[in-house]
1. Assigning unit charges at the beta carbon (Lys, Arg +1; Asp, Glu -1) and nothing else, what dipole magnitude in debye, to the nearest 20, does the stretch 238-314 show about its Cα centre?
2. Quick one: Cα centre-to-centre distance for the stretch 13-53 and the stretch 269-328, in angstrom?
3. Counting other Cβ atoms within 10 Å of each Cβ, which trypsin sites (Lys or Arg not before Pro) in the stretch 141-191 have at most 16 and sit in a DSSP loop?
4. For the stretch 175-226, what is the charge dipole size about the Cα centre, in debye to the nearest 20, if Lys and Arg each add +1 at the Cβ and Asp and Glu each add -1 at the Cβ?
5. Compute the normalised compactness of the chain: alpha-carbon radius of gyration over 2.2 N^0.38 Å, N being the residue count.
6. Mind giving me the FRET efficiency for Lys154 and Asp90? R0 is 22 Å, r the Cβ-Cβ distance, nearest 0.05 is fine.
7. Using the Cα centre of the chain as the reference point, and only Cβ charges (+1 on K/R, -1 on D/E), how large is the resulting charge dipole? Debye, rounded to the nearest 20.
8. For the stretch 368-383, take each phi angle, set θ = phi - 60°, evaluate the Karplus expression 6.51 cos²θ - 1.76 cosθ + 1.60, and give the result in whole Hz per residue in order, putting x for glycine and proline.
Amino acid sequence: IDIKTLRSDSGGIITIDPGYKNTGSCESAITFLDGEKGILRYRGYSIEELAEKADFLEVAYLLIFGELPTKAQLDKFNNDIKEQSEVDEDMKKILDGFPKTAHPMGVLSSLTSALIAFNPSSVDVSSEEAMYKAIVKIMAKFPVLAAWTMRKIKGLPLDYGDDSLGYVENFHKMMLSKPNKGYEANQIVYDALDKLLILHADHEQNCSTSTVRIVGSSHAGLFASLSAGISALWGPLHGGANQAVIEMLEAIKADGGDTAKYIAKAKDKNDPFRLMGFGHRVYKNFDPRAKIIKTAAEEVLGDLGIEDPVLDIAKGLADVALNDEYFVSRKLYPNVDFYSGIIYRALGIPTEMFTVMFAVGRLPGWIAQWREMRLRKEPIGRPRQIYIGENHRDFKPIDQR
Ligand code: ACO
């Protein structure tokens, strides 16, 4: 068979793979993931070691540029980001236009897209230098916008941050400083937040990252691609699961804490309920990030002297599920989102903000994937389909239908 002729005669031979369960969309040198063995590495470095020894900005540099930075490289990256941390005052008018009840992910996606109008040069990525400028701009402005989405829902005046603080500390301050009461620094909180952001920083071709790459493949700019990625992350089957987990744990608590009842619901195929924070498209073993987060949650709650009954419910659910034939046979384990919300709560971050926290962590991964796609000059992403609709039909005027 001549494939070329066949394609033009009949529409061609097309593999159909809903959800792209077995379809590779690119070659990538950024993140290695072995879901059977539960291994995750960024640029060859194990996630366990990075979470323990590196800080978020170092990991961002590693993901985006391929190597761990020297001290001089990291200082330059950090300073370049600080230089760009201002956000145009007119962006506040856009933020003001949203109702207080708006979901922060919708606001964040809109503001990220609006940023293009205020930074038109960011669309120019014709050289690596221009690309670097766009990257530094969004690394600087994104945490500001993310923090603003929280101040919006809380009705607080905006905080412009403090450049003398580190990246993660400054983000935390911009979110949580109180008018008249200032801001209390806390190393335990910073360390926990830093770790969470590192664990979320990249995860190869997931739904939001593939979205960033496919939108970017049309040569839409970086910020437009990121805005689309934020929308993809919002969904409860993806990043939105961290919010859904806490809401589920709260509902179980309010219902008397009967974990067995909810395990039974999750197994019942006539019940749409799913155990949020369980299962993963790629991990068929314990998600290595969930292991680190589980330990971190216990440490942070202990260090801050917080007792959260929701953590006990989470542990109870996990214990039952991990010994239940339904979950064992389907290889359903807790994923990264199962415990992360418990830490965010302990850090004083409201539930609606959890997915925004994920987005701030994922930002360097999205940038790295977009940059790799552009530097490799990948073609426009354009999947095919198998048409299953009507054959040719003659048009009927409206009075004959
Ligand atoms: N609770 C109960 N059953 C589940 C769950 C769950 N959380 N997850 C999967 N299953 C079951 C399915 O019903 C299916 O059963 P079947 O074979 O009897 O039909 C089987 O396990 C396989 O599930 P699929 O939905 O086909 O797996 P898929 O790879 O498409 O979905 C997903 C993965 C979306 C993560 C799914 O496990 C899920 O919905 N989990 C809950 C939401 C969640 O935690 N999402 C966060 C993922 S991590 C992230 O994005 C950061």
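1. Working: 11 positive and 13 negative charges, 135 e Å.
Dipole of the stretch 238-314, to the nearest 20 debye: 640 debye.
2. 22 Å
3. Hits after loop and neighbour filter: Lys181.
4. Values: 4 positive and 5 negative charges, 44 e Å.
Here the size comes out at about 220 debye.
5. On the way: Rg = 22.7 Å, N = 401, 2.2 N^0.38 = 21.5 Å.
The value comes to 1.06.
6. Numbers: r = 22 Å, r/R0 = 1.01.
It comes to 0.50.
7. Working: 49 positive and 55 negative charges, 230 e Å.
That gives the chain a dipole magnitude of about 1100 debye.
8. After applying 6.51 cos²θ - 1.76 cosθ + 1.60, I find 4, 5, 5, 5, 4, 4, 5, 5, 7, 6, 5, x, 4, x, 7, x Hz.
Here, each number is a calculation from the coordinates, and none is a lab measurement. All of these numbers come straight from a predicted model, not from anything done at the bench. No Cβ is skipped: glycine too gets one built from the backbone with ideal geometry, and neighbour counts run over all protein chains shown.
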